[in-house]
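K.L.:
Submitted below is the structure of interest, expressed as structure tokens.
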Amino acid sequence: MARTLKIYSKGKRVKKLQVDLIQLGYDIKADGAFGLKTLSAVADFQRQQNMKLDGIAGHFTEMAFFNALNKVELIEPATEHFKLSEFI
């Protein structure tokens, strides 16, 4: 994310953020609008990561998402028939 995403932000980058949150188990919709549910999910993610709790998806939150998503991908299969480690 080149710039921060926060309440009332809209667009493709917000939708990507929401998709990432959904992959991490948050029950939100990927509609591209940073509303109260997205704010709550981002703040909860920050709380779980022991980060500054501000509900803003900036550089450090983006890095934490990347790390959390990569941990998920290493556990889950990369495709129906192969694990990610088998590609590496």
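What follows is calculated from the coordinates using simple rules that are stated; it is not laboratory data. Keep in mind that this is a model prediction, so the values were computed, not measured.
K.L.:
Given the C-alpha centroids of segment 27-64 and segment 9-25, what is the distance between them in whole angstrom?
P.N.:
Segment 27-64 and segment 9-25 have Cα centres spaced 9 Å from each other.
K.L.:
Step through the table entries K16/K37; K6/K29; K10/K52; K15/K37; K6/K71; K6/K37, compare each Cα-Cα distance with 20 Å, and write down the pairs that go over it.
P.N.:
K10/K52; K6/K71
K.L.:
Out of residues 5 or more away from L5 or on other chains, whose amide H comes under 5 Å of its own, with H placed 1.01 Å from N in the peptide plane?
P.N.:
Amide H neighbours of L5, under 5 Å, 5+ apart: A57, G58.
K.L.:
So what J values fall out for segment 44-49 if you push phi through Karplus, 6.51 cos²θ - 1.76 cosθ + 1.60 with θ = phi - 60°, rounded to Hz, Gly and Pro as x?
P.N.:
Along segment 44-49, the couplings run 5, 4, 4, 4, 5, 8 Hz.
K.L.:
Under the Karplus relation 6.51 cos²θ - 1.76 cosθ + 1.60, θ = phi - 60°, what is the ordered set of whole-Hz ³J(HN,Hα) values for segment 14-20, x standing for Gly and Pro?
P.N.:
Along segment 14-20, the couplings run 5, 4, 4, 4, 5, 4, 4 Hz.
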